[in-house]
Amino acid sequence: RVVTFPAAMAAAPPPPLEPNPLPVFSQEGFGDKFLRKTRENPLVPLGCLCTVGVLTYGLISFQRGNTRHSQLMMRARILAQGFTIVALLGGMVVTAMKSRK
């Protein structure tokens, strides 16, 4: 059994033996990347700062013996973490929608 190729494939030159060079990206430092990501989605760093602030205040309350206030702050920490996760997921959705356009 003989396999035949279409005439267009037979007339085309063979593919190059060497692969195409990869694109070169500029080196982005940590500070530059952090600022770019913060500008893209400012709610994530805000949520992180709120979480750390509420956690710190709750730990200080716990150390001072104010257990009722400490428990309240730990519940507020959960809410702040939830806000941060929702902001992160929202930013991912917005970025995915921008890349589709």
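The values are calculated or read from the model by the stated rules, or taken from the named source; none is laboratory data. Everything numeric in this text was worked out from a predicted model, so none of it was measured. Heads up: the accessible areas ignore ligands, DNA and RNA and are worked out on the full protein's heavy atoms, side chains in. Shrake-Rupley method; radii C 1.70, N 1.55, O 1.52, S 1.80 Å.
Some notes on this structure:
- Fraction of the pair-distance distribution of region 12-101 above 20 Å, Cα-Cα pairs, percent: 60
- Euclidean distance of C-alpha centroids, region 31-57 and region 79-101, integer Å: 13
- Area of residue 99 that stays accessible when all protein chains are in place (1.4 Å probe, Å², to 10): 90
- If the segment from residue 33 to residue 60 were pulled out straight at 0.36 nm per residue, it would be longer than the present Cα-Cα gap by 6.4 nm.
- Three principal axis extents of region 51-97 based on alpha-carbon atoms, in descending order, are 48, 13, 6 Å.
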